[in-house]
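The values are calculated or read from the model by the stated rules, or taken from the named source; none is laboratory data. These numbers were taken from a predicted model, which means no experiment stands behind them. So basically every Cβ, Gly included, is an ideal-geometry build from the backbone, and we count neighbours across all protein chains shown. Just so you know, the surface numbers come from the protein's heavy atoms only, side chains and all, with ligands and any DNA or RNA stripped out. Shrake-Rupley method; radii C 1.70, N 1.55, O 1.52, S 1.80 Å.
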Amino acid sequence: MRIIRLGMLGVGVTASLLGCSNGDDAPAKEPAAHNASPKVVKISVANRAFQAPDTIDAGWTTLRFTNDTDEDVHYAHFVRLDSGRSVPELVEYYAKAIRESGPRPTWIVRFGGPGGAGPHQTASVTQNLVPGTYVWICPIENEKGEPHFGVGEYRQFVVRATNAETVEAAAEPVASATIRLVDYGFTPDSSLVKAGRHTIRIENTGGEPHDMNMMKLAAGRTLEDMQRFMNPERARRPGEKDDPPPPLHELGSMVGGVAAMAPSMSAYFDAELTPGEYVLFCMVTAPDGRSHIEHGMIRQIRVQ
Ligand SMILES: [Cu+2]
């Protein structure tokens, strides 16, 4: 089994993101006549194909991804399609870069999306969608080391501008904790260590795209286990085939996260944190062909 498949995590994130209202200190001149919760868009995958709307309105949106397959983890990552480029070009160049641990094409801008969902599981994330043309892709690798999107698991969609009122910030979630992503590390604020229900804001303040995966460690598992087995470049490292990864559930359980997003982007997800040891890690590969985990972008935190 390719480690990246394992790394893409069986997820139990069924975040029904908290609706939120304008803060009390917000000017009340424009009362929200519309629903101030993010709208929900459902995406699913079955038979190696995405089911999703062709068009989504811009603005704050909860992307709820369901994996309707019996096997394999899938992602609903999405990337912006540059004008002047075609979807087949995007698929060809991006898949080639992944297969070869090469630099990712700079004209492909990563926009996040729900992190990994195991068979019949759901993962959700809330983001502000910006008008443009995008492509859902699943970057999980199959047994042959080919990303799923390289063998057909992708789908184009358009985010369309709506009237300004809808696009306004009224539906942005209110965070109870923030995790900043830097090159190469995580800076969680102190409120993240408190057990309970959280709406977690993830901000990419680095210069590279980053993703964030939050996993609760299984008893007896360590940060070193995660460093070794979650490294997305592991399958391409000599000798690693002799050290097969344990089943994912023996390492821990996924709490939530967001797929790779470009610098200055942010996203939110909900999680119920119970006391224990957690690990944050990023599965992006740097332009030098080393994974961000190999660059040190993995961190253990204790929730109590
Ligand atoms: Cu990273």
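Out of segment 69-102, which residues are open to solvent by 50 Å² or more (accessible area, probe 1.4 Å) and outside any helix (DSSP H, G or I)? Matches in segment 69-102: 70, 71, 80, 82, 83, 84, 85, 100.
A residue that is of a type in the set (Asp, Glu), in a loop (DSSP other than H, G, I, E, B), open to solvent by less than 60 Å² (accessible area, probe 1.4 Å) and touching a Ser or Thr at 6+ places or on another chain (Cβ under 8 Å) cannot be found anywhere in segment 197-213. For residue 186, the criteria (1) more than 16 Å from the ligand (Cβ to nearest atom); (2) part of a strand (DSSP E or B) hold in every case but one, which is (1). Checking every residue in segment 151-161 against the condition of being touching a helix residue (DSSP H, G or I) at 6+ places or on another chain (Cβ under 9 Å) and of a type in the set (Phe, Trp, Tyr) gives at least one match.
Here residue 140 qualifies as aliphatic (A, V, I, L, M), under 30 Å from residue 71 (Cβ atoms) and in contact (Cβ under 8 Å) with a residue 12 or more places away in the chain. Every condition in (1) open to solvent by less than 20 Å² (accessible area, probe 1.4 Å); (2) over 24 Å from residue 60 (Cβ atoms) is met by residue 137 except one, and the failing one is (2). Residue 128 meets the conditions (1) in contact with a strand residue (DSSP E or B) (Cβ under 9 Å, 6 or more places away or on another chain); (2) more than 29 Å from residue 175 (Cα to Cα); (3) open to solvent by 10 Å² or more (accessible area, probe 1.4 Å) in every case but one. The failed one is (2). Residues satisfying the criterion are absent from segment 105-115 (criterion: open to solvent by 10 Å² or more (accessible area, probe 1.4 Å), part of a loop (DSSP other than H, G, I, E, B) and touching a residue at least 40 places away in the same chain (Cβ under 8 Å)). Cβ-Cβ distance below 6 Å, separation of 6 or more or different chains: which pairs start in segment 240-265 with a residue that is more than 29 Å from residue 207 (Cβ to Cβ) and end on one that is away from the ligand (no atom under 16 Å from the Cβ) and at pLDDT below 80? Cβ pairs passing all conditions: 245/3; 245/6; 248/6; 248/10. For segment 191-212, state whether one or more residues are in contact with a Phe, Trp or Tyr (Cβ under 8 Å, 6 or more places away or on another chain), among the hydroxyl-bearing types (Ser, Thr, Tyr) and touching a residue at least 12 places away in the same chain (Cβ under 8 Å). Checked against the condition, which is being in contact with a Phe, Trp or Tyr (Cβ under 8 Å, 6 or more places away or on another chain), among the hydroxyl-bearing types (Ser, Thr, Tyr) and touching a residue at least 12 places away in the same chain (Cβ under 8 Å), segment 191-212 yields at least one hit. Scanning segment 196-216 for residues that are among the aliphatic types (A, V, I, L, M) and either near the ligand (Cβ under 10 Å from one of its atoms) or more than 19 Å from the chain's Cα centre (by Cα) (or both) returns a single hit, 212. Among the residues of segment 157-169, is any surrounded by fewer than 18 Cβ atoms within 10 Å (Cβ to Cβ) and within 16 Å of the ligand (Cβ to nearest atom)? No, segment 157-169 has no match at all.
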